[in-house]
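Asks: Quick one: the structure is below, questions incoming.
Please treat every number below as a calculation from the coordinates, not as lab data. What you see is a predicted model, and the numbers here were worked out from it, not measured in a lab. Positions of Cβ are generated from backbone atoms using ideal geometry, with glycine treated the same way; all protein chains shown enter the neighbour counts.
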Amino acid sequence: MKVIKTIAAMKRTRLKLPKLVGFVPTMGYLHEGHLELIRRAKAENPWTVASIFVNPRQFGPQEDYTSYPRNIPRDLAMLETVKTDIVFIPPTAEMYPPRYNTWVDIEKVTERLEGSIRPGHFRGVATVCTKLFNIVQPTKAYFGQKDAQQVIVIKRMVTDLNMNLEIIVAPTVREPDGLAMSSRNTYLKPDERQTAVVLYRALKLAQKLWSQGEQDVHRIRQAMTEMIKQEPLAEEITYISIADAKTLEELHKIEPPALVSLAVKIGRPRLIDNIILE
Ligand code: PAF
């Protein structure tokens, strides 16, 4: 496994690689969900590059940029186990040198859900992904369905800007009890960790009601809310959304494919999860 720590070295290396390269961008503190993306990339491409970069430009001023979990030696050991070919770890000062002034801004799909609570977040994600795609020049890039809105935003950007790569979306990887894997799960205290499974339980409830014939979004949302409110440690439901899976416009009556997504604050983190009804 080759570890590359400058943009220039990554560009030089890319010139020597064959055409087909799979790419898994990450912010590190890896978990099984990331490893699944690497395995998929390895299975589908002769070369796989993973990046580790905690992107300051996608965190709001009150968010956890400085305390975001970081452990490069641990990440490298995990990446070795799945035989990653190249790990790119760019320095922040190279990614955003003084006078850095260019942004990629996607309208509409960034205005809802996470975008409405985290102003500027998707601008930061789209900007860093564009930079990473330009440096690594992958033919396929892999993202997890766990960040459903991020996937929609990145796909929109790739289409709108005629970027030369395919976005592959892999299913959310879950703990045995159903909690979606996330680097931020490390913030949960043991009793909060137990509570956190309520997000998945609420999504499963929505799926069950729909499969039993319920189409009224208001009633499904109500049932999910009641289930979550029974959990004293689920402090705050930021949103429960049932929306068109492509445009993210809220639905009144379920028309598949519909994205059921929610964000709930449990202890320190605000956890997100989703399922698609199709
Ligand atoms: O999903 C993430 O980990 C990040 O948003 C990404 C895509 C690596 C961009 O910083």
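Asks: Averaging over all projection directions, find the projected area of the Cα convex hull of the chain and quote it in nm² with one decimal place.
Replies: Answer in nm², one decimal: 14.7.
Asks: Rounding to the nearest 10 and keeping the result within 0 to 90°, find how far the Cα-based axis of helix 148-160 lies from the longest principal axis of the chain.
Replies: Value to nearest ten degrees: 50.
Asks: Apply the Debye scattering formula to segment 137-209, with a single equal point scatterer on each alpha-carbon and no solvent, then give log10 I(q)/I(0) at q = 0.21 Å⁻¹.
Replies: For the requested q values the scattering log ratios are -0.94.
Asks: Rounding to the nearest 10 and keeping the result within 0 to 90°, find how far the Cα-based axis of helix 72-81 lies from the longest principal axis of the chain.
Replies: 90 degrees
Asks: Going by average Cβ density within 10 Å per residue, which order do the peptides 105-118, 193-206 take, highest to lowest?
Replies: 193-206, 105-118
Asks: If the convex hull of the alpha-carbon atoms of segment 121-247 is projected onto planes in all directions, what is the mean projected area in square nanometres?
Replies: 9.5 nm²
Asks: Is it possible to state the helix-based mean residue ellipticity at 222 nm for the chain, with each DSSP H run of 4+ residues giving -39500 (n - 2.57), the sum divided by total residues, to the nearest 500 deg cm²/dmol? What is it?
Replies: So the calculated ellipticity at 222 nm is -11500 deg cm²/dmol.
Asks: Given H placed 1.01 Å from N in the peptide plane, which residues other than close sequence neighbours of residue 170 have an amide H under 5 Å from its amide H?
Replies: 143, 144, 145
Asks: Same structure, new question: Exceeding 23 Å between C-alpha atoms, which entries from my cross-link table qualify? They are 11/108; 146/208; 19/131; 42/189.
Replies: 11/108; 42/189
Asks: Also, quick follow-up: If each residue of separation counts as 0.36 nm, what is the full-extension length gain between residue 161 and residue 244 once their alpha-carbon separation is subtracted?
Replies: Computed gain between residue 161 and residue 244 is 27.6 nm.
Asks: Whole angstrom only: what separates the Cα centroid of segment 195-245 from the Cα centroid of segment 25-72?
Replies: Each part's Cα centre sits 28 Å from the other's.
Asks: Residue 155: which aspartates and glutamates have alpha carbons under 16 Å from its alpha carbon, excluding same-chain residues fewer than 8 sequence positions away?
Replies: Correct list for residue 155: 105, 107, 111, 147, 166, 244.
Asks: In terms of modelled amide H atoms, which long-range or inter-chain residues lie less than 5 Å from the amide H of residue 271?
Replies: Counting only residues 5 or more places away or on other chains, the set is 264, 265, 266.
Asks: Please say if segment 1-60 is rounded, prolate or oblate, where rounded means a/c under 1.5 for a ≥ b ≥ c the square roots of the C-alpha gyration tensor eigenvalues, and otherwise the choice is prolate for a/b larger than b/c and oblate otherwise?
Replies: oblate
Asks: Going by alpha carbons, how many degrees (0 to 90, nearest 10) lie between the helix axis of 198-211 and the longest principal axis of the chain?
Replies: So the inclination is approximately 70 degrees.
Asks: So how do 216-223, 230-237, 53-60 stack up, highest first, on mean other-Cβ count within 10 Å?
Replies: Top to bottom by mean Cβ count within 10 Å: 53-60, 216-223, 230-237.
Asks: Oh, and also: What ³J(HN,Hα) values, in whole Hz, does the Karplus curve 6.51 cos²θ - 1.76 cosθ + 1.60 give for segment 262-275 when θ = phi - 60°, with x put for Gly and Pro?
Replies: 8, 9, 9, 8, 10, x, 6, x, 9, 8, 10, 7, 6, 9
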